[in-house]
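Below is one structure; the comments refer to it alone.
The values are calculated or read from the model by the stated rules, or taken from the named source; none is laboratory data. Keep in mind that this is a model prediction, so the values were computed, not measured. With ideal geometry, Cβ positions are generated from the backbone for all residues, glycine too; neighbour counts draw on all protein chains shown. Heads up: the accessible areas ignore ligands, DNA and RNA and are worked out on the full protein's heavy atoms, side chains in. Shrake-Rupley method; radii C 1.70, N 1.55, O 1.52, S 1.80 Å.
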Amino acid sequence: MTIHHIVLYKFKPEATSEQRQSVKDSANALGSQIPAIQSLITGETVYNALGHGYDAGVIFLFESVAKLNEYRPHKAHLDYQAFSAPYIEDKLIFDIETA
């Protein structure tokens with residue numbers, strides 16, 4: 001089974017393009033900092049009328065729920081959350097399991 005940990009971001013209107021990019025770069029760096037992450041991708045939204053205004057997202061892959069649970073309290077993850085919080089207006093997190 002694979003766990004897809006999907007995080008969608010809605011940036012604050014005042015977040016600059018440099019700040020948005022730094023959030024993306026920091027998310028990409030988590031793959032080399034947290035062994036539990038199998039892989040990850042980041043990207044900007046492609047407009048969808050049902051997109052609820054989310055600007056960007058990250059999809060993390062984990063080999064199991066246990067690996068996802070290792071990731072959540074990891075210092076690098078917590079540091080990333082603290083770093084990105086000033087630029088984020090809202091986020092949506094959705095986890096799915098696939099065979």
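Key figures for this structure:
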read-out: Loop chymotrypsin sites (Phe, Trp or Tyr not before Pro), segment 1-74 (other Cβ atoms within 10 Å of the site Cβ: 15 or fewer; DSSP); value: Tyr47
read-out: Count of lysine pairs in the chain with Cα separation under 16 Å (8 or more residues apart, or interchain); value: 6
read-out: The chain - percent of accessible surface contributed by carbon and sulfur, probe 1.4 Å; value: 58 percent
read-out: Candidate values (1) 39, 31, 21; (2) 54, 34, 31; (3) 37, 30, 16, label of the one derived for Cα extents along the principal axes in Å; value: (3)
read-out: FRET efficiency for Thr16 and Asn69, using Cβ-Cβ distance with R0 set to 30 Å, rounded to 0.05; value: 0.30
read-out: The chain - percent relative contact order, Cα under 8 Å, separation 6 or more; value: 51 percent
read-out: Extension gain (nm, one decimal) between Leu78 and Asn48, 0.36 nm per residue minus Cα-Cα; value: 7.8 nm
read-out: Choice from Pro86, Pro35, Pro13 showing the highest fluctuation, given a GNM over the chain with Cα pairs closer than 10 Å; value: Pro13
read-out: Whole-number accessible area per residue in Å² for the chain, which is evaluated in the context of all protein chains at 1.4 Å; value: 60 Å²
read-out: Helix 75-84 axis, angle to the chain major axis (alpha carbon atoms, nearest 10°); value: 10 degrees
read-out: Amide proton proximity set for Asp95, modelled H, under 5 Å, gap of 5+; value: Ile6
read-out: Amide hydrogen neighbours beyond the local backbone of Gln38, cut-off 5 Å, H modeled; value: Leu61, Phe62, Glu63
read-out: GNM top mover of Ala76, Ala66, Ala36 - the chain, alpha-carbon springs below 10 Å; value: Ala66
